[in-house]
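Peer 1: Got a structure for you, written out below as structure tokens; questions coming shortly.
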Amino acid sequence: MPTIPKEGIPAGPVTVTLTLDPPVPAAALAPMIRPDRTALLVIDPQVDFIAPEGAIGQAGLDLGVVDPTLDRIRPLLAAARAAGVPPVFIRVITRPETDGAALKALYERRGWPAEAVGICRAGTPGADYYGVAPEPGEMEVEKVLFSAFAGTDFEARLRARGIDTLVVCGFTTECCVDCTVRDAFHRDFHVFIVADACAAYEPALHWGALHALSKNCALLVESADVAAAWGQARIEA
């Protein structure tokens, strides 16, 4: 019987070539993200994740992508609000009683200290918004792990508003953005990822996540095209 060769897990760096699908252009995008059925998801713009004084910054990870990404999220928010697209601010809020056994075991098996699970603790500055924040009355979603849909009533709140389309931006591409996008698609939402308004701490994680998501459950778009599409919808309204 023939055998399947196995290369194993390489011990060093791996070089791969990714070919991303082209973003949907603004002219074609407008009817796909109509304001009356679309929400803009802003995922995890929080101190512990993206501020220099937060947990990730203090751990020494490179936050160089944060400010440019926030500079593209802000015009998106302005365009959404002007067009009547509801922004949804999603953030992690943890407590000792919400630290799952699987999460704690994963950290332990990686050799990480037990206190590493205590990120974005309720009532601490680390859980606060950073760079952008909701205006009064805008929808907020609190989650304890990665997906905005896991253990929350987020889907029901969207359905109650007649929303079936999600435009997604935020942090980080390969983790909370990825998990939320996949869960949204599995719940039959139309999903668009704003590729230049998402970020990860490593370029390979960002581009790899976009590549996988665009091949399976979402379309890629650019922030300027989304803003233009919503601007056109506002003019036509």
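The values are calculated or read from the model by the stated rules, or taken from the named source; none is laboratory data. Note that this is a predicted model, so its numbers are computed, not measured. FYI the Cβ positions are ideal-geometry reconstructions off the backbone, even for glycines, and counts take in every protein chain you see. SASA here: full protein model, heavy atoms, side chains in, ligands and nucleic acids out. Shrake-Rupley method; radii C 1.70, N 1.55, O 1.52, S 1.80 Å.
Peer 1: Write down the accessible area per residue of the range 5-164 in Å², having rolled a 1.4 Å probe over the full set of protein chains.
Peer 2: 55 Å²
Peer 1: Please compute the contact order of the chain in relative form: average sequence separation of alpha-carbon pairs under 8 Å and at least six residues apart, divided by the residue count, as a percent. Don't jump to the answer; show the numbers that get you there.
Peer 2: On the way: 409 pairs, mean separation 69.9, N = 237.
Normalised by residue count, the contact order of the chain is 29 percent.
Peer 1: Further question: How much solvent-accessible surface does D128 expose, in Å² to the nearest 10, with a 1.4 Å probe and all protein chains in place?
Peer 2: 80 Å²
Peer 1: Check every DSSP H run in the chain and write down those whose alpha carbon atoms cover 15 angstrom or more along the long axis and whose mean Kyte-Doolittle hydropathy is -1.0 or greater.
Peer 2: 66-83, 203-216, 223-236
Peer 1: Given the protein chains as shown and a 1.4 Å probe, how many square angstrom of R91 are accessible, to the nearest 10?
Peer 2: Solvent-accessible area, nearest 10 Å²: 40 Å².
Peer 1: Just subtract the alpha-carbon distance of A105 and A59 from 0.36 nm times their residue separation and send over the number in nm, one decimal. Walk me through the numbers before you get to the answer.
Peer 2: On the way: separation 46, 0.36 × 46 = 16.56 nm, distance 2.05 nm.
Extending this stretch completely gives an extra 14.5 nm.
Peer 1: For the range 164-218, with equal point scatterers placed on the C-alpha atoms only and solvent neglected, what are the log10 I(q)/I(0) values from the Debye formula at q = 0.13, 0.17, 0.19 1/Å, to two decimals?
Peer 2: -0.25, -0.42, -0.53
Peer 1: What share of all Cα pairs of the range 113-169, in percent, falls into each consecutive 5 Å distance bin?
Peer 2: Over the range 113-169, the share of Cα pairs per 5 Å bin runs 4, 13, 19, 26, 20, 10, 6, 2, 1 percent.
Peer 1: Which of V16, V42, V132 ends up with the largest GNM mean-square fluctuation for the chain, with Cα atoms connected below 10 Å?
Peer 2: For the chain, modelled as a Gaussian network with Cα springs under 10 Å, the answer is V16.
Peer 1: Show me the three semi-axes of the equivalent ellipsoid for the range 59-129, from the C-alpha gyration tensor (sqrt of 5 times each eigenvalue), largest first, rounded to whole Å. Write out the running numbers ahead of the final one.
Peer 2: On the way: eigenvalues 200, 54, 22 Å².
Taking √(5λ) for each Cα gyration eigenvalue gives 32, 16, 11 Å.
Peer 1: Among T124, T19, T38, which one moves the most in a GNM of the chain with springs linking Cα atoms closer than 10 Å?
Peer 2: Top of the fluctuation ranking is T19.
Peer 1: If you filter the range 91-156 for chymotrypsin sites (Phe, Trp or Tyr not before Pro), then keep DSSP loop positions with at most 13 other Cβ within 10 Å, what is left?
Peer 2: Answer in residue order: no site qualifies.
Peer 1: Within 15 Å, Cβ to Cβ, of L145, how many net charges do the neighbouring residues add up to if Lys/Arg are +1 and Asp/Glu are -1?
Peer 2: -2
Peer 1: Turning to a different aspect of this structure: Express the carbon and sulfur contribution to the solvent-accessible surface of the chain as a percent, rounded to the nearest whole number, probe 1.4 angstrom.
Peer 2: Percent of accessible area from carbon and sulfur atoms in the chain: 57.
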